Number of protein chains: 2
Amino acid sequence: MTSAAKTLAPETPGLDPAEPTARQAAVLDAVLALMQEEGGQLTMAAVARRASCSKETLYKWFGDRDGLLTATVQWQASRVRAGRYDRQRLDASSLRDSLRDFAANWLSVISSPTSIALNRLAISHAASKQSNLGQIVLENGRFAIGNRLKPVLEEGRAAGLLAFDDTEAAFRTFFGLAGRDVQIRLLLGDDLKLGKAEIARDAAAATDQFLTLYGRTDQKPAAA
Amino acid sequence: MTSAAKTLAPETPGLDPAEPTARQAAVLDAVLALMQEEGGQLTMAAVARRASCSKETLYKWFGDRDGLLTATVQWQASRVRAGRYDRQRLDASSLRDSLRDFAANWLSVISSPTSIALNRLAISHAASKQSNLGQIVLENGRFAIGNRLKPVLEEGRAAGLLAFDDTEAAFRTFFGLAGRDVQIRLLLGDDLKLGKAEIARDAAAATDQFLTLYGRTDQKPAAA
DNA sequence: AAGGAACCGTACCGTACGTTACGGTTCTCT
DNA sequence: AGAGAACCGTAACGTACGGTACGGTTCCTT
């Protein structure tokens, strides 16, 4: 923590989170791959070996081990930007579809090996208070999905499809209905198996429950 | 992992999880205290210093570092056995009270510094696959509350107050409604403040939502 | 009181790993 | 082609920490 660890890619000025070069991205992918393997040998030497680069280069690019891990977390976060929900005309059916997509997408994310490894890493570091990995993961996970879903909820309310006072509270209910015990079980090593089918089913169930709680004129239209 | 690490307290035979002696319990409490401090110096030397005992004794009693941590987790688990819910006659009101108590108790547990530290530790170890701390924590957390709450749900169903097919699914919904994003945020270091008042309010809200989803003839009896 | 077990405090050992240093190679620029 | 930067592979260094050894002290047993 003494030396550089500031500018990640000097050749692309102006970007603060610092877009990594292709080679740097390959290194970060190596880190991601490495931390998903159970043996968990996440050492600088292992990263250098896996990425076929020298340790000197790692330190030159990322400053220290913490910088490398932070860059890795941000790198992964930067490509989860998928799934924009363009505002279409909202009726009961499209709202339900949107919610289902959100829930299914979220379940897919939190059950992916990458997310599990990343969250474990960030949680470990949150214990030692040595970095802000936890904040980064939160910002790109729980809070990011909140910021993307809340406009949908408010549009649903504006369209008379949903009824709630506190958007945040409504979102947290949806979050709980969708996620339930999945994330904590996976983080603790329970081998919960979540296939596409289960995710789709659970996302639909959570959405139906949410609409039961917050839907307005909408009710059970014998969906399934 | 080469030497002892089997019988924790030879002077109390017959107990498999091995009730620790008073002195040993003091050591385990030192570990618990140590892992709640942010600096997180959870080394054998630090434990010995904190507990005013020698490292040699630690190794004699617990075998190795992993044995010490496992004993600590089990020690903490052994005293969360509080909150037995004696089956009283179940009416709508007492069921609602029971559910609120469960939710409030669970929120208190997961927001306590001890639980946070313990879960962080277990999650870190789940990454390295080096022990079964994760399983122990799951067994005494998520699954323990499930086993205690499910009978209540089934009594509620038997009494005609609740309607559901799958007890496990109903419990998981309750779990999600109560916990929502609380645990993951706390584990990742978000400084979410949960006082008694918030817990009581959130537990009541979760219970009301659960009863809306699963209650039978029961509805909003203008409780508050 | 004598013997011994248990235990404390400290010193010591070996290893793992973060970090730095360096020689040799490849790539870039002019 | 030649100079210099960037980088790879490997070696070396220092420290932190898990685990062990040992002398001295307390306490229990007989």
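The values are calculated or read from the model by the stated rules, or taken from the named source; none is laboratory data. Bear in mind that the values here come from a model prediction, so they are computed numbers and not experimental data. Cβ sites come from the backbone with ideal geometry, for glycine too, and all protein chains shown count toward neighbours. For the accessible areas, the whole protein counts, side chains as well, though only heavy atoms, and no ligand, DNA or RNA atoms are used. Shrake-Rupley method; radii C 1.70, N 1.55, O 1.52, S 1.80 Å.
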Worksheet entry | Which listed residue, of A:GLN209, A:GLN183, A:GLN135, A:GLN219, is within 9 Å of chain B (Cβ to nearest Cβ), open to solvent by 50 Å² or more (accessible area, probe 1.4 Å) and either at pLDDT below 95 or in a helix (DSSP H, G or I) (or both) | A:GLN135
Discussion item. Being more than 10 Å from DNA strand D (Cβ to nearest atom) and at pLDDT below 95 is true for just one of B:ALA71, B:ALA77. Which residue is that?
Written reply: B:ALA77
Worksheet entry | Filter result for the condition that a residue is closer than 30 Å to B:ALA144 by Cα, at the interface with chain B (Cβ under 9 Å from one of its Cβ atoms), open to solvent by less than 20 Å² (accessible area, probe 1.4 Å) and in contact (Cβ under 8 Å) with a residue 40 or more places away in the chain, over A:ALA178, A:ALA170 | A:ALA178
Worksheet item: If you check A:LYS129 against the conditions, is it without any contact (Cβ under 8 Å) to a residue 24 or more places away in the chain and within 8 Å of chain B (Cβ to nearest Cβ)?
Response: yes
Practice prompt. Would you be able to say whether some residue in region B:158-167 is within 13 Å of chain A (Cβ to nearest Cβ), under 24 Å from B:ALA200 (Cβ atoms), open to solvent by less than 60 Å² (accessible area, probe 1.4 Å) and touching a Phe, Trp or Tyr at 6+ places or on another chain (Cβ under 7 Å)?
Written response: no
Discussion item. I need the full set of residues from region B:10-47 which are crowded, with 18+ Cβ neighbours inside 10 Å and either at pLDDT 90 or above or in contact with a strand residue (DSSP E or B) (Cβ under 9 Å, 6 or more places away or on another chain) (or both), in order please.
Written reply: B:GLN24, B:VAL27, B:LEU28, B:ALA30, B:VAL31, B:LEU34, B:MET35, B:LEU42, B:VAL47
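A quick yes/no check of all residues on (1) within 16 Å of DNA strand C (Cβ to nearest atom); (2) more than 14 Å from chain B (Cβ to nearest Cβ):
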site: A:ARG49; (1), (2): yes, yes
site: A:CYS53; (1), (2): yes, yes
site: A:LEU68; (1), (2): yes, yes
site: A:THR72; (1), (2): yes, yes
site: A:SER94; (1), (2): no, yes
site: A:ALA104; (1), (2): no, yes
site: A:SER108; (1), (2): no, yes
site: A:LEU121; (1), (2): yes, no
